[in-house]
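Student: Quick one: the structure is below, questions incoming.
The values are calculated or read from the model by the stated rules, or taken from the named source; none is laboratory data. Model, not experiment: these values are computed from the prediction. When we count neighbours, we look across all protein chains shown, and the Cβ atoms used for this are built from the backbone with ideal geometry, even at glycine.
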Amino acid sequence: MAILLDEQGTEIYAGRGKYSRHARTMIEQRKAYVRNDEGDLSVYVPPNQTPESQRASTLQEDARSLKRDAQELGQQLGLGLDEIEIRRETPEGVLVAHLKQLMTPAVVAGLDSEQAAKLMQTISYWMLRQHLTVFEHDELVRNLHQLINSMRVPSNGAALLNRDNDAVRESAVNVLPGAPTSSVYNELWVHAFLPPNGHQCRPSVSRGDDRESNMHNDGRVWNEPALLEGPEFVCQNLDAASNLASFRQGRHGVIRLYLPYNPRTSYSQENDMLHGNFRDRGHLPEFHINPECEPWEHCLQRFIDACAFVKNNERSDLRLFIHRGAETPQEVIL
């Protein structure tokens, strides 16, 4: 039998005979020690017992895990349940969570990232074909972002039973072209058919000495059909996006590029557009753009290469989506 000591190294058992009551108590409380080969004290475990495994988590971690489980379950619930009780056993005791729920259908929580992006794509695509000017297109995109941000899903994933409450919604997105901001979000949306931030028609851009001449030119740009003027802006916007500090540092996890033109590959489609044979009245004819040979093809490839560089060097989970016209968004393999 081993000689047993307490924390101070005082002998509580001489190594022979029966354990005293004090020694048995110390062993049960894991406060009895033996000296190892190096002379250090280590907890004594009787030969017929196995050491108690150390807890993998704390009580606080158990509580947080229970809260997450309760929120996920509450989000998936339907009708007919007034209260739900969830129990979890821990070494410290049983944790219990109560979920109370209304007996009426829960309002849809809100838009996730893919739904918000598709809504932006669909509305801007069809509105551009109603003879919007460059200025009106810029206003449309800005107002759509304000609308969509107020409809986003709560950041904690819980269902909203009352849209007037104080639930925090998912973060917005960074927009280019757009007003400068110090906030950096996970998603960057590039509206390639909008005038770049550095374009002379932007009020914030210095015009130099020939102010009157530039004012005239600026007005012409703002009043041009956005769908026909937009292709002139694509390369500048792509270059600006690839030079953003937040982009190059890998602070955006998702990049969405909007190219709201209508790709057409057949002569019949192009001929119908030129002669106004389109189902929607007032539809604006577009120039023929072959999706396999876009006028901004080289600029787009440089931007894709820039995204691939960031993915390989800064952020391995970076994703790039291209929203062309009304088509299904295309994810580019980087």
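Student: Among (1) in a loop (DSSP other than H, G, I, E, B); (2) surrounded by 14 or more Cβ atoms within 10 Å (Cβ to Cβ); (3) at pLDDT 80 or above, there is one condition R207 misses while meeting the rest; what is its number?
Tutor: The single condition R207 does not satisfy is (3).
Student: Give the residues of region 242-256 that are under 21 Å from P196 (Cα atoms) and in contact (Cβ under 8 Å) with a residue 24 or more places away in the chain, sorted by residue number.
Tutor: S242, L244, S246, F247, R248, H252, V254, I255, R256
Student: Restricting to region 19-33, name every residue that is among the hydroxyl-bearing types (S, T, Y), assigned to a loop (DSSP other than H, G, I, E, B) and surrounded by 14 or more Cβ atoms within 10 Å (Cβ to Cβ). Step through it out loud before you land on a result.
Tutor: The initial filter retains those residues of region 19-33 that are among the hydroxyl-bearing types (S, T, Y), namely 19-20, 25, 33.
Now narrow it down to the ones that are assigned to a loop (DSSP other than H, G, I, E, B): 19-20.
Y19 - this is the single residue of region 19-33 that is among the hydroxyl-bearing types (S, T, Y), assigned to a loop (DSSP other than H, G, I, E, B) and surrounded by 14 or more Cβ atoms within 10 Å (Cβ to Cβ).
Student: Would you check which residues across region 34-50 are aliphatic (A, V, I, L, M) and either part of a loop (DSSP other than H, G, I, E, B) or modelled with pLDDT under 80 (or both) and list them?
Tutor: First pass over region 34-50, keeping only residues aliphatic (A, V, I, L, M): 34, 41, 43, 45.
Answer for region 34-50, where residues must be aliphatic (A, V, I, L, M) and either part of a loop (DSSP other than H, G, I, E, B) or modelled with pLDDT under 80 (or both): just V45.
Student: Please go through region 316-325 and give me each residue that is within 17 Å of the chain's Cα centre (by Cα), surrounded by 16 or more Cβ atoms within 10 Å (Cβ to Cβ) and part of a loop (DSSP other than H, G, I, E, B), ordered by number.
Tutor: Once the filter is applied, which keeps residues that are within 17 Å of the chain's Cα centre (by Cα), surrounded by 16 or more Cβ atoms within 10 Å (Cβ to Cβ) and part of a loop (DSSP other than H, G, I, E, B), region 316-325 yields only L318.
Student: For region 111-148, give me each residue that is at pLDDT below 90, charged (D, E, K, R) and either assigned to a strand (DSSP E or B) or closer than 16 Å to W189 by Cβ (or both).
Tutor: Answer for region 111-148, where residues must be at pLDDT below 90, charged (D, E, K, R) and either assigned to a strand (DSSP E or B) or closer than 16 Å to W189 by Cβ (or both): D112, E114.
Student: Does region 51-61 contain at least one residue that is modelled with pLDDT of 70 or more and over 30 Å from V153 (Cα atoms)?
Tutor: no
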